[in-house]
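Structure record follows, encoded as structure tokens.
The values are calculated or read from the model by the stated rules, or taken from the named source; none is laboratory data. A quick note: this is a predicted structure, and the numbers were derived from the prediction, not measured. Neighbour counts are summed over all protein chains in view; Cβ atoms, including those assigned to glycine, are modelled from backbone coordinates with ideal geometry.
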Ligand code: MRU
């Protein structure tokens, strides 16, 4: 399964909004379609968003018809802006855009176009490699017979690689450790129920699907050995933005003395933001809450809030598992050491 690839001047994606019912691959041949796929969450998950945007920019650049370099760069700048406004929380998106901006120079237009494709491929390869290292480091924390609770989807779909939180469970499973995963459904868009279950079942890793509200019950029952989640942005002090509901699970994990691990590549760390308070939280449409898969749940006209992410303060985070190793408090010092 390749959730995302560059295919001869097209971006080929697995449409995650259709899973698990249909495995549909889309070949996107203009950058507007790629930006739309990110916004509408046909592709999602912080590292995948970054890689998709990089490919989308490379694709957009190939289609620019300009007589002068200045005209070309003007149009390219517009493409950067389109991608910057797709989703605000995952910093991987903005880091990928910055990297693409940095390589957008050269003698002539064909050279810049080639450099943009090369950089997008490089970002993809780096993310793939990072997920493999994260999985190796993280698997060291997993003992035989462990039950792991995860929230949302931090697998191959979300990372354009092996997975972060799910990558760790996959690697532990490959090491013949017996693992069992508790998967929260992750309302409103059900990334846990639709995507994490789908990925784990493909790998034949045993799992139990629960609703989000059941996490506290199973943590209190002593059924969970550790929690592992991904991240969309990690501030300089170790505060973590991740899928809405993560904070609740982190507090409940600490209350029940269960380790709470965050698995994320260094491309998710944002040292420019001092704390989680500064991380922009995406608000999404009320219909994601009032409907499930086209079925209305709530009365017409009801007031709705729909923040897509929350902030888990660093004091709840036992460790952050990165491709550079396992990072613990003091996060401020230790995250700085591993981030370029
Ligand atoms: O809204 P989504 O589905 O893009 O949110 C995804 C998450 O919150 C993931 O946990 C996060 O991006 C980490 S993926 C390795």
In segment 265-295, what count of residues is obtained for those that are assigned to a loop (DSSP other than H, G, I, E, B), within 16 Å of the ligand (Cβ to nearest atom) and in contact (Cβ under 8 Å) with a residue 24 or more places away in the chain? 6
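This table checks each residue for (1) at positive phi; (2) crowded, with 20+ Cβ neighbours inside 10 Å; (3) without any contact (Cβ under 8 Å) to a residue 24 or more places away in the chain; (4) within 15 Å of the ligand (Cβ to nearest atom).
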residue	(1), (2), (3), (4)
114	no, no, yes, no
128	no, no, no, yes
136	no, no, no, no
156	no, yes, no, yes
170	no, yes, no, yes
180	no, no, no, no
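Pick from 262, 258: which is more than 14 Å from the ligand (Cβ to nearest atom) and modelled with pLDDT of 95 or more?
Residue meeting the stated conditions: 258.
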Consider residue 301 carefully, then state whether it is outside any helix (DSSP H, G or I), surrounded by 14 or more Cβ atoms within 10 Å (Cβ to Cβ) and away from the ligand (no atom under 15 Å from the Cβ). no
Mind checking whether some residue in segment 258-266 is surrounded by 23 or more Cβ atoms within 10 Å (Cβ to Cβ), farther than 15 Å from residue 165 by Cα and in the same structural domain as residue 168 (by TED's automatic domain parsing)? no
Of everything in segment 27-47 that's more than 21 Å from residue 243 (Cβ to Cβ) and surrounded by fewer than 22 Cβ atoms within 10 Å (Cβ to Cβ), which residue is nearest to the ligand (Cβ to nearest atom)? 36
When both residues are 6+ apart or on different chains and their Cβ atoms are under 9 Å apart, which pairs have a first residue that lies in segment 43-61 and is in the same structural domain as residue 119 (by TED's automatic domain parsing) and closer than 21 Å to residue 18 by Cβ, and a second that is modelled with pLDDT under 95 and more than 10 Å from the ligand (Cβ to nearest atom)? 43/3; 45/3; 48/3
In this structure, does residue 79 turn out to be surrounded by 14 or more Cβ atoms within 10 Å (Cβ to Cβ), in contact with a helix residue (DSSP H, G or I) (Cβ under 8 Å, 6 or more places away or on another chain) and within 27 Å of residue 273 (Cβ to Cβ)? yes
Do you know which residues across segment 1-17 are farther than 17 Å from residue 45 by Cβ and buried (at least 17 other Cβ atoms within 10 Å of the Cβ)? 6, 10
Check every one of the strands (runs of 3 or more DSSP E) wholly within segment 162-249 and list those with 1 or more residues that are at pLDDT 95 or above and within 29 Å of residue 277 (Cα to Cα). 179-184, 226-229, 233-235, 240-243
